[in-house]
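The values are calculated or read from the model by the stated rules, or taken from the named source; none is laboratory data. On a predicted model such as this, the values are computed, not experimentally measured, just so you know. No Cβ is skipped: glycine too gets one built from the backbone with ideal geometry, and neighbour counts run over all protein chains shown.
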Amino acid sequence: MNKALWILIDAVILFAVSTFFVLVANLAFSGLKGKTPKDDPIVTAITQGNMKELEAAAMEGGKVAALLDAQGRTALMRAAYVNLSGDTLLAAADEKRAAMIPLLLEHAAPLDQQDHDGWSALMWASWSGLPKVVEQLLAKGALHTLSDAQGHTALMLAARRGNTRIVQRLIDCGADPASTTRTGTTARNLAQTGLLEYPDKQASYQEILRLLAEK
Amino acid sequence: MFNAVTRYFSEFRILKSASKDFWLTNAIQFFDGLAYFSMITVLALYLTTNCGFNDMDSGVWVGIYTLYITAFMFAVGSICDVIGIKKSFYIGIGLLAVARLGMGLSPEWLRGANLQLTAKGFIIIMALGTAFMSPVTMTSLRRFTSATTRATGFNVYYLLMNVGAILANALVVDGFRNGFPAIAKRLGALHLPQGALDFIGNGFGEVKGNLAIFDFGFVMAIGALICVILLRETNYAEPSERLEEAHDAKRPLSIFMEVWKEKAFQKLLLFLALTIGVRLVFTHQFLVMPKYYTRVLYSDFELGLANSINPCIIVIGLIVLIPVINRFTTVRLIIIGMAVSAASLVIMAVPLHWILTIPFIHNVTQAYLFIILSQILVFAFGELIFMPRFTEYIASVSPPDKVSSYMALSALPTFISKPINGFVSGILISRYCYDGIRPKIETGNISYNQSPEFMWMIYLILAVMSPIAVIALKNFLTQQKPEAVAATIEEGSAS
């Protein structure tokens, strides 16, 4: 019994010492930690594709409008971004994310705000390959003329990634295929680069090159 | 090579005489390994995606989990000596079952701060449960093997542990998160129900898949529990050890008090502290890699498959390479192994556009796949050289009567470094490998000092310090009496 008591005491000491180390490390890193904003429940709900949770989180006054992460991204931008390789998964994500756009806009998410690199929600959706999200954003009046620090527009990003439907939709909305990046690259050049780099998406890139040539 | 494989497996024939309890212990370890290795691969992702921790906090809490495992492990050996194997297994598996089920189910019911607090509680419970498993399994294997079957018995244990790691990653992690589309296509011709085909083809997806991995861990705990019920605790393979063990129970901290003033122990601590930089690379596998893989490639990347390559190489290497490697001296191999392990980060730290100039690499995805695969292969080779000799070195510098104490306390430097590494990894990931970095890399918005490659450069510098420091202090670290080394190696390998 005495032995068991000593073991218990030692276990408590070890637990206390471990916790002490954690607290010291926490204190030592608090300066750096403070610069990392907490992930908001809104972002978690968006990532999980949980509409019910998003509604509940958005109801907390002013949170959607104020949300800004360390890269300067808004809730709308987080909803407009996925990075998936499978077409089935991408289509499912597009469906879920598109349903979130009107809700976020209703709660005053800024439509055309740009992050630290100059990307807007429309640009994130164009790169991600989310045609329904792009549709929602354009329907609400998102600007397709905005460009990032390198001079990429939403059309260029969609052309670079081989997202045919989005290129078509942006052209229909009046996006200019002739606009260039800071280095003089056009959407057509970017689609050609994509064709060389990703031969498995040959059909998409060729269709994009055809659409851009028509304009 | 064929001869090496035959020789390795022919040793296992000796285990025909091993008791049912030896195999039950291996089954417990196998079930627990499947659950542990699948869980640890997704833990950082689970905390972020399912519980809403930011990158910083998820890194910290994975660090805290490993820290508490190390801390609790000091106490568990003594607890096991007092209460016995079966009760220790019951406590460990019981804690793991509760924690895994809790972590699998709580994100379904709780949200926000409540969920995060609950997850933190379950992480501590899980750490306590995990800490129980390894020392109790070791005691159990030792008890159920005789002097003649012990070495082979431990080989089987190590082999099964690695096989468990391979299956956990390649089948459990990828199966639940992504499914196996190629297999689903082939099964389509068999007219299976659509629901089954959908699951095989797509899994549960990232969010539900993570939860299913924890639920799977709970089921494995039940499997392990059934094996414990069937275990006969008093079935000693060497009856003479029954008496020895009865007197073995010690205060957990007594081993530290016994050795902390010894010069040899202080020298060992210095050696271990010098090697922290490179040993942190091992923790990257679960702290940094899952987020790195899914962010620089894509969220549905088969990270289980990537993580199963390392144990595959270790298994093959143990069989084929170890006899060749063992011809070299311990310290030289430790230095070479550490240098190779550290060098595995070089390719991750070079600017991406350098990789893109390699003739057969055409795009960013191929470049990152090349980087990841190269790192895994080089690191596994370094680990293969370094790890077995590392344990041997600890045994060789310990006084003959204190090998097990030195072994137990060799975890001390990592005990201090684990929470620090948790914080550092969290800070680095949130700055250099945040969710959404891939499009910025591909469009030239990220300079080298903002890129994941820069993060690896920081880790590379830390890792490279280890072999350099050991080379610089080699003479000081290896001053010992030759006869003591011989005696302790013998004892170390027996234990």
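Find all pairs meeting these conditions: Cβ atoms under 6 angstrom apart; at least six residues apart or on different chains; first residue within the range B:132-144 and farther than 13 Å from B:Ala224 by Cα; second residue at pLDDT 85 or above and outside any helix (DSSP H, G or I).
B:Phe144/B:Ser19
Pick out, from the range B:416-479, the helices (runs of 4 or more DSSP H) lying fully within it that include 3 or more residues that are within 28 Å of the chain's Cα centre (by Cα). Full working, then the answer.
Working: elements: B:437-442, B:452-472, B:474-477.
It comes to B:452-472.
Only one of these is among the basic types (Lys, Arg), surrounded by fewer than 17 Cβ atoms within 10 Å (Cβ to Cβ) and touching a residue at least 12 places away in the same chain (Cβ under 8 Å): A:Arg169, A:Arg182. Name it.
A:Arg182
Quick check on the range B:48-69. Is at least one of its residues under 18 Å from A:Ile7 (Cα atoms) and within 23 Å of the chain's Cα centre (by Cα)? Lay out the reasoning, then the answer.
Filtering the range B:48-69 for residues under 18 Å from A:Ile7 (Cα atoms) gives B:68-69.
Add one more test, that the residue is within 23 Å of the chain's Cα centre (by Cα), and what stays is B:68-69.
Yes, some residue in the range B:48-69 is under 18 Å from A:Ile7 (Cα atoms) and within 23 Å of the chain's Cα centre (by Cα).
(1) crowded, with 21+ Cβ neighbours inside 10 Å; (2) in a helix (DSSP H, G or I); (3) modelled with pLDDT of 95 or more: which one isn't true of A:Thr47, the others all being true?
Going through (1) crowded, with 21+ Cβ neighbours inside 10 Å; (2) in a helix (DSSP H, G or I); (3) modelled with pLDDT of 95 or more one by one, A:Thr47 breaks only (3).
How many residues are within 12 Å of chain B (Cβ to nearest Cβ) and either without any contact (Cβ under 8 Å) to a residue 24 or more places away in the chain or among the aliphatic types (A, V, I, L, M) (or both) if we restrict to the range A:44-62?
Here is the first cut: in the range A:44-62, the residues within 12 Å of chain B (Cβ to nearest Cβ) are A:44-50, A:52-54, A:56-57, A:60.
Right, trim to either without any contact (Cβ under 8 Å) to a residue 24 or more places away in the chain or among the aliphatic types (A, V, I, L, M) (or both) and you get A:44-46, A:48, A:50, A:52-54, A:56-57, A:60.
Of the residues in that region, 11 qualify.
Looking at the range B:73-94, which of its residues are within 7 Å of chain A (Cβ to nearest Cβ) and closer than 30 Å to B:His284 by Cβ? Break it down into steps so the answer makes sense when it comes.
To start, the set of residues in the range B:73-94 that are within 7 Å of chain A (Cβ to nearest Cβ) comprises B:74-75, B:78-79, B:82.
Correct list: B:Phe74, B:Ala75.
So which pairs qualify, if the first residue must be in the range B:188-201 and in the same structural domain as B:Val173 (by TED's automatic domain parsing) and aliphatic (A, V, I, L, M), the second must be surrounded by 12 or more Cβ atoms within 10 Å (Cβ to Cβ) and assigned to a helix (DSSP H, G or I), the Cβ gap must be under 7 Å, and the two must be at least 6 apart or on different chains?
B:Leu197/B:Ala184; B:Leu197/B:Leu187; B:Leu197/B:Gly188; B:Ile200/B:Ile183; B:Ile200/B:Ala184; B:Ile200/B:Leu187
Out of (1) away from every other protein chain (no Cβ under 14 Å); (2) at pLDDT 95 or above, the odd one out for A:Leu130 is which?
So the condition that A:Leu130 fails would be (1).
Any chance you could count how many residues in the range A:133-167 are within 12 Å of chain B (Cβ to nearest Cβ), of a type in the set (Ser, Thr, Tyr) and either closer than 15 Å to A:Arg97 by Cβ or assigned to a helix (DSSP H, G or I) (or both)?
Matching residues across the range A:133-167 total 0.
Considering only the range B:148-209, give the helices (runs of 4 or more DSSP H) lying wholly within it that have at least 1 residues that are within 22 Å of B:Trp23 (Cβ to Cβ) and more than 21 Å from the chain's Cα centre (by Cα).
Working: elements: B:150-167, B:174-177, B:181-187, B:194-202.
Those helices (runs of 4 or more DSSP H) span B:150-167.
So that you can scan it fast, the table gives a plain yes or no per residue for (1) in a loop (DSSP other than H, G, I, E, B); (2) over 30 Å from A:Ala191 (Cα atoms); (3) in contact with a Lys or Arg (Cβ under 9 Å, 6 or more places away or on another chain):
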site	(1), (2), (3)
B:Ile334	no, yes, yes
B:Val340	no, yes, no
B:Ile347	no, no, no
B:Gln366	no, no, no
B:Phe370	no, no, no
B:Phe379	no, yes, no
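Output the residues belonging to the range A:112-132 that are within 16 Å of A:Leu84 (Cα to Cα), over 10 Å from the mean Cα position of the chain (by Cα) and of a type in the set (S, T, N, Q).
Result: A:Ser126, single match.
Just checking, does the range A:170-182 include any residue being over 26 Å from A:Leu89 (Cα atoms), assigned to a loop (DSSP other than H, G, I, E, B) and among the acidic types (Asp, Glu)?
Yes, the range A:170-182 contains at least one residue that is over 26 Å from A:Leu89 (Cα atoms), assigned to a loop (DSSP other than H, G, I, E, B) and among the acidic types (Asp, Glu).
Among the residues of the range B:293-304, which ones are of a type outside the set (S, T, N, Q), under 18 Å from B:Phe37 (Cβ atoms), within 13 Å of chain A (Cβ to nearest Cβ) and assigned to a helix (DSSP H, G or I)?
The answer is B:Tyr293, B:Leu303.
Show the residue pairs meeting these rules: Cβ distance below 7 Å; 6+ apart or different chains; first residue within the range B:288-315 and within 21 Å of B:Val60 (Cα to Cα); second residue aromatic (Phe, Trp, Tyr) and at pLDDT below 95.
From the range B:288-315, the pairs are B:Tyr293/B:Phe301; B:Thr294/B:Phe301.
Quick check on the range B:42-62: of everything there that is under 17 Å from B:Asn421 (Cα atoms) and among the β-branched types (Val, Ile, Thr), which residue is farthest from the other protein chains (Cβ to nearest Cβ)?
B:Val62
Quick test for you: out of B:Ser493, B:Ser466, pick the one residue that is surrounded by fewer than 16 Cβ atoms within 10 Å (Cβ to Cβ), modelled with pLDDT under 90 and small (Gly, Ala, Ser). Show your work before the answer.
Working: B:Ser466 fails: surrounded by fewer than 16 Cβ atoms within 10 Å (Cβ to Cβ).
Residue meeting the stated conditions: B:Ser493.
Under the condition of being of a type in the set (S, T, N, Q) and crowded, with 20+ Cβ neighbours inside 10 Å, which residue from the range B:412-456 is farthest from the other protein chains (Cβ to nearest Cβ)? Let's see the steps before the verdict.
Of all residues in the range B:412-456, those of a type in the set (S, T, N, Q) come to B:414, B:417, B:421, B:425, B:430, B:443, B:445, B:447, B:449-451.
Then keep just the ones that are crowded, with 20+ Cβ neighbours inside 10 Å; that gives B:414, B:417, B:421, B:425, B:430, B:443, B:451.
Values: B:Thr414: 12, B:Ser417: 10, B:Asn421: 9, B:Ser425: 11, B:Ser430: 5, B:Thr443: 6, B:Ser451: 13 Å.
Only one residue tops the list, namely B:Ser451.
Of (1) closer than 30 Å to A:Ile46 by Cα; (2) within 14 Å of another protein chain (Cβ to nearest Cβ), A:Thr183 satisfies all except one. Which?
Only one criterion in (1) closer than 30 Å to A:Ile46 by Cα; (2) within 14 Å of another protein chain (Cβ to nearest Cβ) is unmet by A:Thr183, namely (1).
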